[in-house]
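Each remark here refers to the structure printed beneath this line.
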Amino acid sequence: MSAKPPRFGIWALVHGSRAALQDPAEPYDASWGRNQTLVLEAERLGYDSVLVAQHTVNPHDASLDQLEAWTASAALAALTSRIEIITAIKPYLYHPVVLAKMAQQIEHISGGRFAINLVNAWNRPELERAGIGFPEHDERYVYGREWISVVDALLRGEVVNHRGDNFHIDGYQLRPADPFRARPRIYVGGESEPARALVAAHGDVWFINGQPHDDVARLIADVSARPRPVGQDALRFGLSAFVIARETQAQAEAHLEHLFALAELDKPLRERQKANIDPNVVMIQTFAQSPRVGSNGGTAARLVGDYDTVARRIADFHRAGIELFMLQFQPFEADMQRFAEEVAPRVRRLLFA
Ligand SMILES: Cc1cc2nc3c(=O)[nH]c(=O)nc-3n(C[C@H](O)[C@H](O)[C@H](O)COP(=O)(O)O)c2cc1C
């Protein structure tokens, strides 16, 4: 069991609804206004974290709206007071010196509540059409590894001298340093072998895509067995999951069927999107194994059922080592509230009664 109590977080709606884009009960809305209200409400309801995914263009369809992650996160940091803000970053989009400076600033604005989520890209046109190029899968991780080593040292306030294949940095130091802790937390999202090696070497928390309990337990065992840098705390684990919790199992299953039906309407869009996806991304291969709604594994984590069942499954994941549950819902606002009121207290009773 994770030594820490479970934490619950939400995915910000940076590109609108998570399960199906054409839902009369949840019109498409990726605006700043909606996300601002959502995150303030999540904080009020007791959620511990918000994950702000990073996409410069909407990964489903470039003609749809997309919230900008870093500017929005800075604003969220100023508006909130307790919730952890985790913002994703694709290394090719920012020089490490610039990104470290931005992260340090948001750490200050938030009073020590900021974290980055390092992700190594799957949406080819996002980088290619910007003229950045899209190196193959493992090469992206080699770049990401050098990139995070520079960012990590800068976040710690060190004077950085670095001579690598991609960056040459001479006597760079960022001030003011972090007055709250050694540096903001580093999460890593990615499932492939180089992602696992990277998180063991540089991460604090590994984000796992939603999937069944035993698969998650196997992934945790694999990564936990890897050596950590001297002096670094043991790796912690987060799980992405889409939740449908209702009073009865039948109601939850009916809502899942309803979302599957709505998701069918997005099929043409998903087919077009497929052409943009790097087929070597392990995450995508995992998703292909089971029908689901929601991104990043979604309902494959099986958090669909009556309140007690969902709470029990979450407690089981926690016993397997998951500390942070990064959740999606649809309709988001209503189900986020339902989860906070009905499921989270049940999980705490199961684990600590
Ligand atoms: C919790 C989580 C959050 C993620 N957030 C983003 C994101 O914001 N932007 C993005 O492009 N990819 C995101 N990804 C996807 C990673 O980029 C993807 O896993 C990556 O392509 C690594 O591939 P791999 O699974 O082959 O290691 C996320 C993945 C996880 C698990």
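The values are calculated or read from the model by the stated rules, or taken from the named source; none is laboratory data. Everything numeric here is computed off the predicted structure, so don't read it as measured data. Quick reminder, even Gly has a Cβ in these numbers, built from the backbone with ideal geometry, and neighbours come from all protein chains shown. The protein model used for the area step is the full one, side chains on, heavy atoms only, and it has no ligands, DNA or RNA in it. Shrake-Rupley method; radii C 1.70, N 1.55, O 1.52, S 1.80 Å.
Here is how the numbers come out for the structure above:
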item	result
Those GluC sites (Glu not before Pro) in region 220-327 that DSSP places in a loop and that have at most 14 other beta carbons within 10 Å	Glu247
Highest-MSF residue in the chain out of Leu265, Leu38, Leu327 [GNM, Cα springs under 10 Å]	Leu265
Calculated from backbone phi, Karplus (6.51, -1.76, 1.60) coupling profile of region 71-85 in Hz, x at Gly/Pro	5, 5, 5, 4, 5, 4, 4, 6, 8, 9, 9, 10, 6, 6, 10
Antiparallel content of DSSP bridges confined to the chain, in %, to 5	10 percent
Dimensionless Rg over Rh [region 252-353; C-alpha; Kirkwood]	1.01
Accessible-area order (highest first, 1.4 angstrom probe) of the listed residues Arg196, Arg145, Arg163	Arg163, Arg145, Arg196
Positive-end residue of Ser290, Gln337, Val223, charge dipole of the chain with Cβ unit charges	Val223
Cα-only Debye scattering, region 158-278: base-10 log of I(q)/I(0) at q = 0.23 Å⁻¹	-1.28
Evaluated over the chain, the Cα radius of gyration and Dmax, each in Å	19.4, 62
Estimated 222 nm signal from helices in the chain, with DSSP H stretches of n ≥ 4 weighted -39500 (n - 2.57), rounded to 500	-12500 deg cm²/dmol
Computed magnitude of the charge dipole of the chain (debye, nearest 20; Cβ of K, R +1, Cβ of D, E -1)	860 debye
Principal axis box of region 39-164, alpha-carbon based, largest edge first, Å	43, 42, 19
Accessible area, probe 1.4 Å, largest first, for residues Leu259, Leu45	Leu45, Leu259
